[in-house]
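J.: I have a structure I would like to understand better, so I am pasting it below and will then ask my questions one at a time.
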């Protein structure tokens with residue numbers, strides 16, 4: 001099985017040679033495989049309800065042990081990309097195959113992002129929601145839609 | 001007029017005190033204002049067609065001088081977040097109020113991201129598209145939809 | 001006066017063309033100038049003693065208003081580069097010409113870093129100290145030496 | 001054997017509780033252990049001479065397979081932290097226990113940095129050199145001194 005490292009190297013070399021033409025099917029397949037074959041997933045939230053929404057969906061995709069992070073993630077809100085830094089907080093404090101985090105995209109007011117990282121912290125997929133000021137909606141419903149969207153955009157459909 | 005720096009500081013202090021409740025209207029208004037009042041915008045692309053799509057939409061939102069970057073941006077494809085690093089490449093080589101960039105979200109196969117940065121490189125808004133393998137569509141149409149979506153999610157509507 | 005943006009652009013183009021030969025005198029001069037001509041400096045520490053050490057040295061280099069950040073910076077310790085993220089915390093919450101921060105370099109145990117950022121968060125210079133476990137020394141003495149070293153390596157000498 | 005993830009988690013919790021008192025001996029020992037027990041090391045340079053200098057020193061510290069990266073690393077010079085991004089380029093394209101990279105610290109003119117990353121891209125140690133404009137010296141000699149210094153500051157001495 002070809003490693004993610006080799007796929008990335010090939011894509012980088014294409015970029016250097018100026019022959020890169022956009023995502024390739026084998027690249028998307030590799031992302032799907034990493035998610036589907038995950039044995040351990042860490043969800044970077046401290047909220048039991050949000051955790052349950054994510055866990056229930058992921059269990060339809062893979063057969064993994066799914067755990068909630070046990071460190072307060074709110075400190076990631078003092079960074080430039082809170083959602084991403086929650087994921088990195090999980091990456092640095094837990095061993096897992098996949099890390100899922102959700103939080104603010106950028107500056108206060110910029111809405112939210114859900115992001116899925118691999119075991120080295122590489123971004124596999126993500127999705128965005130409007131600022132809650134713009135689009136008020138039940139938070140669990142929103143997270144559910146975000147995760148389904150993040151998976152759909154790399155070709156994983158949830159029924 | 002309250003500065004972005006003060007709005008961010010207030011939000012950070014709320015997070016530290018554990019009383020933060022999500023985006024606030026004045027935060028979203030500030031983001032809108034920064035985009036609408038921009039006097040100079042740099043678009044981090046080397047593609048004249050993509051540039052024109054972005055310029056035409058932005059001219060409906062603000063009265064800015066809009067320029068294309070004159071450095072090859074493909075090298076950002078060798079980073080972990082190509083779209084974001086194209087924006088930072090523009091930030092570091094040009095003075096402007098707003099930087100707009102578009103490229104791959106994360107690893108090869110992860111689809112695309114359009115991101116709008118302010119004069120310090122802070123993320124104001126963004127939008128995502130599926131991997132082109134998943135959802136084939138005319139590239140100019142896609143970029144147009146991405147920019148309209150990025151603006152819509154922070155409350156700026158384009159007709 | 002040539003802008004930092006133009007100097008960076010020229011260096012990037014040299015790298016793309018594969019003709020870059022290392023730092024140039026005008027680049028170092030530009031860094032010196034940015035520090036010497038700073039009108040406002042933010043020091044990203046909450047410690048009055050550490051602040052005083054830094055302020056006293058910087059007043060020998062420039063004629064700036066020098067302020068301490070008024071947000072708790074310890075949350076930056078939950079990031080991958082605490083010293084750098086303290087600086088970014090200051091950058092995002094205060095307007096200034098120069099930001100000086102000091103904290104852990106990387107993982108716990110990795111020793112400390114002092115870093116000087118410009119108004120866009122670009123790294124102008126830095127210095128490192130061994131882990132305090134390895135080399136015990138008075139903290140104010142250490143910070144003084146770090147700042148003097150950070151300035152010396154880009155050609156600014158303090159008597 | 002306690003994992004790096006657990007050590008980081010403990011340090012983060014200390015920071016949250018406001019009882020963190022600086023680096024601890026077990027943290028430094030863990031960093032040493034990761035370097036000494038490395039089985040595979042990637043050096044992120046394309047220069048055979050620089051590679052040899054680094055390889056010869058590392059072979060005194062550990063019994064690892066040491067390889068040079070086979071992608072052009074100069075594109076990292078178009079990022080905000082070229083030395084660090086060379087390391088991340090290696091991290092994303094190769095599997096290894098330790099990644100060693102060397103390049104510019106920050107903006108052009110800011111001198112050089114040597115940095116050692118672990119298998120997840122966490123910074124274990126680093127060292128800095130003045131801008132070559134300030135302190136001209138044989139490049140191999142400089143890299144040798146940088147690596148010895150990076151190891152020394154976390155308690156690994158080379159004879």
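The values are calculated or read from the model by the stated rules, or taken from the named source; none is laboratory data. Since this is a predicted model, take the numbers as computed values, not measurements. Ideal geometry is used to build each Cβ from the backbone, glycine not excepted, and the neighbour counts take in all protein chains shown.
J.: Please work out which residue is nearest to residue B:74 (Cα to Cα), limiting yourself to the range C:34-49 and to residues that are part of a helix (DSSP H, G or I) and away from every other protein chain (no Cβ under 12 Å).
T.: Of everything passing the filter in the range C:34-49, C:36 is nearest to residue B:74 (Cα to Cα).
J.: Select from the range C:58-76 the residues that are surrounded by fewer than 19 Cβ atoms within 10 Å (Cβ to Cβ) and touching a residue at least 60 places away in the same chain (Cβ under 8 Å) and list them in ascending order.
T.: C:60, C:61
J.: Which of the residues belonging to the range A:99-121 are farther than 24 Å from residue B:31 by Cα and surrounded by fewer than 24 Cβ atoms within 10 Å (Cβ to Cβ)?
T.: A:118, A:119, A:120, A:121 - these are the residues of the range A:99-121 that are farther than 24 Å from residue B:31 by Cα and surrounded by fewer than 24 Cβ atoms within 10 Å (Cβ to Cβ).
J.: Is it the case, given these coordinates, that residue C:124 is in contact (Cβ under 8 Å) with a residue 40 or more places away in the chain, in contact with a helix residue (DSSP H, G or I) (Cβ under 7 Å, 6 or more places away or on another chain) and within 23 Å of residue D:82 (Cα to Cα)?
T.: So residue C:124 passes the test.
J.: Could you check how many residues of the range C:12-28 are assigned to a helix (DSSP H, G or I) and facing chain D (nearest Cβ under 7 Å)?
T.: Of the residues in the range C:12-28, 5 are assigned to a helix (DSSP H, G or I) and facing chain D (nearest Cβ under 7 Å).
J.: Taking residue B:31 as the residue in question, decide whether it is under 19 Å from residue B:121 (Cβ atoms) and part of a helix (DSSP H, G or I).
T.: Yes.
J.: Quick check: is even one residue across the range B:72-85 more than 15 Å from the chain's Cα centre (by Cα), more than 8 Å from chain A (Cβ to nearest Cβ) and closer than 21 Å to residue A:5 by Cβ?
T.: yes
J.: Further question: So in the range D:20-55, with the set limited to residues that are surrounded by fewer than 13 Cβ atoms within 10 Å (Cβ to Cβ), more than 14 Å from residue D:98 (Cα to Cα) and free of Cβ contacts under 8 Å to residues at least 60 places away in the same chain, which one is nearest to the chain's Cα centre (by Cα)?
T.: Residue satisfying both the conditions and the ranking: D:48.
J.: Within the range A:122-154, track down each residue that is away from chain B (no Cβ under 11 Å), touching a strand residue (DSSP E or B) at 6+ places or on another chain (Cβ under 9 Å) and under 22 Å from residue B:26 (Cα atoms).
T.: Correct list: A:137 only.
J.: Could you grab me the full set of residues in the range A:116-130 that are modelled with pLDDT of 95 or more and part of a loop (DSSP other than H, G, I, E, B)?
T.: A:119, A:120, A:121, A:122
J.: Residues of the range A:113-143 being within 13 Å of the chain's Cα centre (by Cα) and farther than 19 Å from residue B:104 by Cα, which ones?
T.: A:119, A:143
J.: Condition test on residue A:82, is it out of contact with any strand residue (DSSP E or B) (no Cβ under 9 Å at 6 or more places or on another chain) and either closer than 27 Å to residue A:36 by Cβ or without any contact (Cβ under 8 Å) to a residue 40 or more places away in the chain (or both)?
T.: no
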